[in-house]
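Before I ask anything, let me first share the structure, which is written out below as structure tokens.
The values are calculated or read from the model by the stated rules, or taken from the named source; none is laboratory data. Just so we're clear, the structure is a prediction, and the values are computed from it rather than from any experiment. All Cβ positions, even for glycine, are placed from backbone atoms using ideal geometry, and neighbour counts span all protein chains on display. In case anyone asks, the SASA skips ligands and DNA or RNA and just uses the protein heavy atoms, side chains included. Shrake-Rupley method; radii C 1.70, N 1.55, O 1.52, S 1.80 Å.
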Amino acid sequence: MSVQDTLGRPLHDLRISVTDRCNFRCVYCMPKEVFGRDHTFLERRELLTFEEIERLARAFVAHGVEKIRVTGGEPLVRRDLERLIAQLAALTLEAPSARHVDLTLTTNGSLLPQKANALRDAGLRRITVSLDSLDDETFRAMNDVDFPVARVLEGIDAASAAGLPVKVNMVVKRGVNEDQIVPMAREFRARGHILRFIEYMDVGHSNGWRMDDVVPAAEIVSAIDAELPLEPVEANYRGEVARRWRYKDGSGEIGVIASVTQPFCGDCTRARLSAEGRLYTCLFAGRGHDLRALVRGGSSDEELHAEIGRVWARRADRYSEIRSEATQDLQRVEMSYIGG
């Protein structure tokens with residue numbers, strides 16, 4: 001049975017970070033000046049094991065979670081990740097549905113050529129790839145490890161060839177890659193993949209966020225509509241983060257995630273589990289609730305279930321609706337730590 005928070009929002013989605021490490025250093029997420037060679041990442045013993053993750057995920061599913069997204073850092077740098085995918089893919093929803101959870105994964109695509117088939121065979125249902133530009137110089141500057149666009153496109157092709165439906169996410173930052181909005185729309189319209197544009201967000205404190213750097217969703221949609229006419233589409237379900245638009249000629253659709261200019265806190269149904277087992281009830285939260293201590297301290301499944309329910313029932317987060325100069329001083333967890 002689904003638990004509701006103080007604002008009547010059910011628990012529907014769970015994002016599970018499996019690592020705080022990444023092989024990119026994207027300027028809006030893990031800038032090199034903060035996450036450099038001397039940065040201290042979590043030690044292996046601090047990470048939840050796959051068995052601990054599966055046990056916690058089962059408790060979340062018992063509370064009404066229907067969709068699980070595996071994230072990082074970069075999740076594919078976690079060794080033997082396909083073993084966890086198989087464990088999560090086996091989870092089934094409560095009766096009367098009894099269907100398997102909707103299991104997906106977000107990746108930068110760099111390791112997909114080697115991993116796509118194994119992920120599909122393990123039971124992954126679909127995949128999201130982050131790509132912020134088709135212009136190679138811009139993309140190399142944004143990932144800051146000189147990684148070429150062509151190799152991400154290879155990863156997208158590998159996932160598609162493996163039979164995994166692919167969505168592509170593009171974070172748009174003013175003065176950096178807004179000139180790529182229409183070229184990206186054209187490219188993935190032609191490839192048959194849904195492209196989602198994400199407003200640059202103030203997650204954590206390391207990315208130097210300023211409101212002036214945000215390209216509003218309305219501007220993004222207007223730029224595409226001027227060349228590739230669009231019309232709005234209804235959401236698939238309550239809590240869907242992307243506002244959907246389809247091309248009027250029937251050639252596909254895009255989504256726009258407008259956390260800054262069009263907050264969707266009122267319908268947010270997502271919980272986030274960090275790689276070392278802390279439960280965060282908001283992307284912009286300052287502190288998490290330690291579930292690893294319960295798992296490793298001998299708590300029963302019933303006690304885990306009860307604690308998750310208690311945390312969610314007290315939830316009152318709505319950061320994006322109250323964002324202001326004052327909230328910029330609040331402690332916020334880094335995006336690379338809970339996977340966005």
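Show the residues, 5+ positions off or on another chain, whose built amide H is closer than 5 Å to the amide H of Gly252.
Tyr247
In whole angstrom, how far apart do the alpha carbon centroids of the stretch 229-251 and the stretch 1-61 sit?
28 Å
D for the stretch 59-99, whole µm²/s, Stokes-Einstein with Kirkwood Rh over alpha-carbon pairs at 10 °C and 1.306 mPa s: what number?
137 µm²/s
Would you mind working out the accessible area per residue for the chain, using a 1.4 Å probe, and quoting it in Å²?
43 Å²
Which residue, chosen from Ile254, Ala89, Phe188, occupies the Cα position most advanced towards the positive end of the dipole of the chain, where the dipole is computed from +1 (Lys, Arg) and -1 (Asp, Glu) charges on Cβ about the Cα centre?
Of the listed residues, the answer is Ala89.
Can you tell which of Ala150, Val101, Thr128 lies farthest toward the positive end of the dipole of the stretch 73-152, using +1 and -1 charges on the Cβ of basic and acidic side chains (Lys, Arg; Asp, Glu)?
Val101
Please pull out the direction-averaged projected area of the stretch 1-154, using the convex hull of its alpha-carbon atoms, in nm² to one decimal place. Walk me through the intermediate numbers first.
Working: hull surface 43.3 nm².
The directionally averaged projection comes out at 10.8 nm².
How many angstrom lie between the C-alpha centres of the stretch 140-168 and the stretch 252-288?
Taking the Cα centre of each part, the stretch 140-168 and the stretch 252-288 sit 24 Å apart.
A further question follows. Would you please put 232-239, 290-297, 36-43, 268-275 in order of how densely packed they are, using the mean number of other Cβ atoms within 10 angstrom per residue and starting with the highest?
268-275, 290-297, 232-239, 36-43
Can you classify the stretch 211-313 as rounded, prolate or oblate using the Cα gyration tensor, where a ≥ b ≥ c are the square roots of its eigenvalues, rounded means a/c under 1.5, and otherwise it's prolate if a/b beats b/c and oblate if not?
On the way: a/c = 3.69, a/b = 2.50, b/c = 1.48.
Cα axes put the stretch 211-313 in the prolate bin.
Over the Cα atoms of the stretch 69-223, what radius of gyration and what Dmax do you get, in Å?
When restricted to Cα atoms, the stretch 69-223 yields Rg and Dmax of 16.7, 52 Å.
Place a +1 charge on the Cβ of each Lys and Arg in the chain and a -1 charge on the Cβ of each Asp and Glu, then give the dipole magnitude about the Cα centre in debye, rounded to the nearest 20.
720 debye
Just grab the label-to-label distance for Arg55 and Ala235, each label 7 Å out from Cα along the Cβ direction, in nm (one decimal).
Distance between the two pseudo-spin positions: 3.5 nm.
From the alpha carbon gyration tensor of the chain, can you work out the equivalent ellipsoid semi-axes (sqrt of 5 times each eigenvalue) and give them in Å, largest to smallest?
Sorted largest first and rounded, they come to 30, 22, 22 Å.
Which whole-percent values make up P(r) of the stretch 269-310 when all C-alpha to C-alpha distances are grouped in 5 Å steps starting at zero?
In whole percents, the pair-distance histogram is 6, 23, 31, 26, 11, 4, 0.
So if I place +1 on the C-beta of Lys and Arg and -1 on the C-beta of Asp and Glu, and nothing else carries charge, what would the dipole magnitude of the stretch 178-304 be about its Cα centre? I want it in debye, nearest 20.
Using only the charged Cβ atoms, the result is roughly 300 debye.
Can you tell me the dipole magnitude for the stretch 96-250 around its Cα centre, using point charges on the Cβ only (Lys, Arg +1; Asp, Glu -1), in Debye to the nearest 20?
Dipole about the Cα centre, nearest 20: 820 debye.
Just from its helices, what would the mean residue ellipticity at 222 nm be for the chain, if runs of 4 or more DSSP H residues each count -39500 (n - 2.57) and the sum is divided by every residue, rounded to the nearest 500 deg cm²/dmol?
The per-residue figure over the chain is -8500 deg cm²/dmol.
Round to a whole number: what % of the accessible area of the chain belongs to carbon and sulfur, probe 1.4 Å?
49 percent
Residue separation times 0.36 nm, minus the C-alpha to C-alpha distance between Ala118 and Arg83: what's the value?
11.7 nm
Would you tally the net charge around Pro165, using a Cβ to Cβ cut-off of less than 11 Å, leaving Pro165 out, and scoring K and R as +1, D and E as -1?
Values: positive: Arg120, Arg125, Arg126, Lys167; negative: none.
With Lys, Arg at +1 and Asp, Glu at -1, the net is +4.
Now for a different question. May I ask you to derive the FRET efficiency for Asp290 and Ser251 from their Cβ-Cβ distance with R0 = 51 Å, giving the value to the nearest 0.05?
Result of the calculation: an efficiency of 0.60.
Report the antiparallel proportion of the DSSP beta bridges in the chain as a percent, rounded to a multiple of 5.
The antiparallel proportion sits near 35 percent.
Provide the per-residue ³J(HN,Hα) series for the stretch 11-23, in order, calculated from phi with Karplus coefficients 6.51, -1.76, 1.60 and θ = phi - 60°, each as a whole number of Hz, with x at glycine and proline positions.
Values per residue, Gly and Pro as x: 8, 10, 10, 10, 9, 10, 7, 9, 6, 9, 9, 8, 8 Hz.
Another question, then. Evaluated at 37 °C with a viscosity of 0.692 mPa s, what Stokes-Einstein diffusion coefficient in µm²/s does the stretch 71-153 have when Rh comes from the Kirkwood expression over alpha-carbon pairs?
Taking Rh from Cα pairs, D becomes 232 µm²/s.
Taking the chain as a Gaussian network, where each spring joins two C-alpha atoms under 10 Å apart, which residue of Gly277, Gly286, Gly175 fluctuates the most?
Result for the chain, Cα springs under 10 Å: Gly175 fluctuates most.
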